[in-house]
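Worksheet: one structure, shown below.
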Amino acid sequence: MRVEATAAATTTPALTGRFFTDDDFDFNARMALSKASQGAGDLGATVRTLGRITDGDPACWLREWTATGDRLRRQAATSRQAGRHQSSGWLWLSAADAYARALAFIDGLPDDGALLPTFRQYRACWEAFIDASRGTHVRFDIAFEDTTLPGYLFRPDAGGAARPTVVITNGSDGSLSGLWAEGIEAALRREWNVFVFDGPGQQSVLFEQGIPFRHDWESVLTPVLDALVTRPDVDSDRLLALGISQGGYWLPRALAFEHRFLAAVVDDGVWDVSRVWYANLPEPLAGMLRSGERDRFNHAMATASADPVRTRGFRFRARPYGTFATPYDLFRAVGRYTLAEVAGQIDTPILICDPDDEAWFTGQPRELYEALRCEKELVHFSRDDGANHHCEPWARNLVNAKICDFFQKHLELVGASGARSAPDPGQPR
């Protein structure tokens with residue numbers, strides 16, 4: 001996703017924490033440091049990589065993160081050859097995250113020829129990370145329509161005991177390695193399982209299979225649960241759900257139809273994905289969309305003078321939504337990604353994260369909160385705690401603690417009998 005330009009910083013770099021004047025580069029730098037703070041890499045190597053990158057240069061970003069991935073991959077291979085499985089596992093994860101990060105600005109390059117080779121390097125390192133666990137973490141693909149979705153079950157140990165299991169729905173362009181910082185590692189420390197997967201339109205399912213997003217995420221999440229509850233190492237009475245970034249739309253959408261989760265968290269809450277798309281349109285074009293003027297909208301889009309870089313970015317961001325005959329059809333399809341008609345059907349207790357300085361879904365966490373009729377909590381994360389910005393990249397310890405405490409509370413309500421106690425009405429916090 002692209003971050004809209006903000007006013008120039010008026011405080012010192014030490015207070016703003018900025019690495020780049022380009023807002024998109026700076027946000028992705030924050031995300032890189034977030035992952036390193038949770039064990040996917042080291043802060044020192046991350047800062048050194050960022051320091052080699054020319055501000056606003058997509059080719060330089062790709063080159064330097066690829067170089068870091070290459071170095072970590074070589075170290076991981078050496079460690080594996082020496083039989084150091086724990087060390088090699090950390091290095092494989094770190095290398096995977098570096099390669100995944102390298103692709104952040106592939107849409108800014110003249111072509112996307114580097115996408116698949118770099119993605120496959122990332123994927124190979126991710127698979128090596130799973131192998132390095134020596135059976136603790138396992139592959140578990142999900143049957144989905146006429147294909148399968150690649151899935152991975154993370155477990156605290158290889159003993160196979162039935163445990164509470166957190167199922168994570170990722171965002172629009174996030175990697176599985178990125179989820180280590182955004183839920184996997186924190187849940188494993190609580191001795192819970194975590195299941196992650198690529199769904200339609202996400203990473204491998206888009207790049208390798210060409211399958212686009214689905215607005216009806218229940219069609220994805222229900223098969224995931226159907227498969228998980230057959231496993232003896234998954235406690236089917238203690239299923240928990242986490243949605244990250246645009247997963248803050250997909251997960252609530254699925255919860256309107258899928259009622260087997262004990263509790264859910266969205267970071268952040270998303271009410272209407274299409275607003276991000278409409279926000280980049282001049283008002284006359286947005287008005288044509290609202291009034292259904294298909295031909296006029298398509299003509300205006302075709303005749304508008306377009307910056308080639310913006311055009312490439314638009315096409316890249318549109319790709320996960322599928323192939324459409326005209327821009328009007330694409331925008332109308334994205335308009336289906338709203339919770340307006342289904343939010344009232346959600347009965348799963350839900351916590352909604354609401355950070356200061358949310359760049360894309362401003363105000364939407366509270367909008368979702370207000371629409372829900374179920375047990376609910378709204379948690380504000382402040383810039384005073386360094387917990388601002390989309391998905392709170394510099395406060396993952398704080399955010400992960402809040403998320404896991406919410407899950408723990410609902411696990412305790414279930415009790416030994418498996419019957420849920422009556423909850424107290426939720427209030428914003």
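Every read-out reported here was derived from the displayed coordinates using simple, explicitly stated rules and does not represent laboratory data. Quick caveat, the model's predicted, so the values are computed rather than measured. Here the Cβ is made from the backbone with ideal geometry for all residues, glycine too, and neighbour counts use every protein chain on show.
Going through the range 121-228, which trypsin sites (Lys or Arg not before Pro) have at most 11 other Cβ atoms within 10 Å and a DSSP loop state? Working shown, then result.
Values: sites: ARG123, ARG134, ARG139, ARG189, ARG190, ARG214; in loops: ARG134, ARG190, ARG214.
Those satisfying the criteria are ARG134.
Structural size metrics of the range 19-134, computed from C-alpha coordinates, are Rg and Dmax of 13.9, 44 Å. Partners of LYS35 within straight-line reach, counting lysines whose Cα lies under 24 Å from its Cα and excluding those fewer than 8 residues away in the same chain: LYS402. In a DSSP loop and with at most 15 other Cβ atoms within 10 Å, the chymotrypsin sites (Phe, Trp or Tyr not before Pro) in the range 195-301 are PHE257.
Over all pairs of different C-alpha atoms, the chain has a mean inverse distance whose reciprocal, the Kirkwood radius, equals 22.3 Å. Backbone phi angles across the range 224-238, fed through the Karplus curve with coefficients 6.51, -1.76 and 1.60 (θ = phi - 60°), yield HN-Hα couplings of 4, 5, 4, 6, 5, 5, 7, 8, x, 8, 10, 7, 5, 8, 9 Hz in residue order; Gly and Pro are listed as x. For SER245, the amide hydrogen comes within under 5 Å of the amide hydrogens of ASP267, ASP268, counting only partners 5 or more places away or on other chains and with H modelled in the peptide plane.
Annotation for the range 128-200: GluC sites (Glu not before Pro) lying in DSSP loop with at most 13 further Cβ atoms inside 10 Å of their Cβ are GLU145, GLU191.
How big is the charge dipole of the range 19-134 about its Cα centre, in debye rounded to the nearest 20, if each Lys and Arg gets +1 on its Cβ and each Asp and Glu gets -1 on its Cβ? Working shown, then result.
Numbers: 14 positive and 15 negative charges, 173 e Å.
The dipole of the range 19-134 has a size of about 840 debye.
Each residue of the range 207-214 was assigned a 3J(HN,Hα) from its phi angle through the Karplus expression (A = 6.51, B = -1.76, C = 1.60, θ = phi - 60°), giving 5, 9, 10, x, 8, x, 3, 10 Hz with x at Gly and Pro. Remark on PHE140: its backbone amide H falls under 5 Å from those of GLY151, TYR152, LEU153, a criterion applied only to residues 5 or more positions apart or on other chains, H modelled at 1.01 Å from N.
A cut-off of 5 Å between modelled amide H atoms, ignoring neighbours fewer than 5 places along the same chain, links GLU377 with ILE350, LEU351, ILE352.
On the beta carbon distance between ALA161 and HIS299, with R0 = 60 Å, the FRET formula returns roughly 0.45. If both residues of a DSSP beta bridge must be in the chain, then about 30% of such bridges are antiparallel.
Mind grabbing the base-10 log of I(q)/I(0) for the range 250-313 at q = 0.11, 0.29 Å⁻¹? Debye formula, identical points on the C-alpha positions, no solvent, two decimal places. Scattering profile of the range 250-313, log10 relative to I(0): -0.46, -1.29.
Using helices alone, what [θ] at 222 nm do you get for the chain, with -39,500 (n - 2.57) per DSSP H run of 4 or more residues, divided over all residues and rounded to the nearest 500? Can you show the working numbers first?
On the way: 17 runs with 188 residues, N = 429.
Counting only the DSSP helices, I get -13500 deg cm²/dmol.
Roughly how big is the chain's charge dipole about its Cα centre, with Cβ charges of +1 (Lys, Arg) and -1 (Asp, Glu), in debye to the nearest 20? Present the calculation step by step, with values, prior to reporting the outcome.
Details: 46 positive and 57 negative charges, 195 e Å.
Charge dipole, the chain, about its Cα centre: 940 debye, nearest 20.
Would you mind estimating how fast the range 308-400 diffuses translationally, via Stokes-Einstein at 37 °C and 0.692 mPa s with the Kirkwood radius over Cα pairs, in µm²/s? Write down the numbers at each step before the final one.
Numbers: Rh = 15.8 Å.
Roughly 208 µm²/s, to the nearest whole number.
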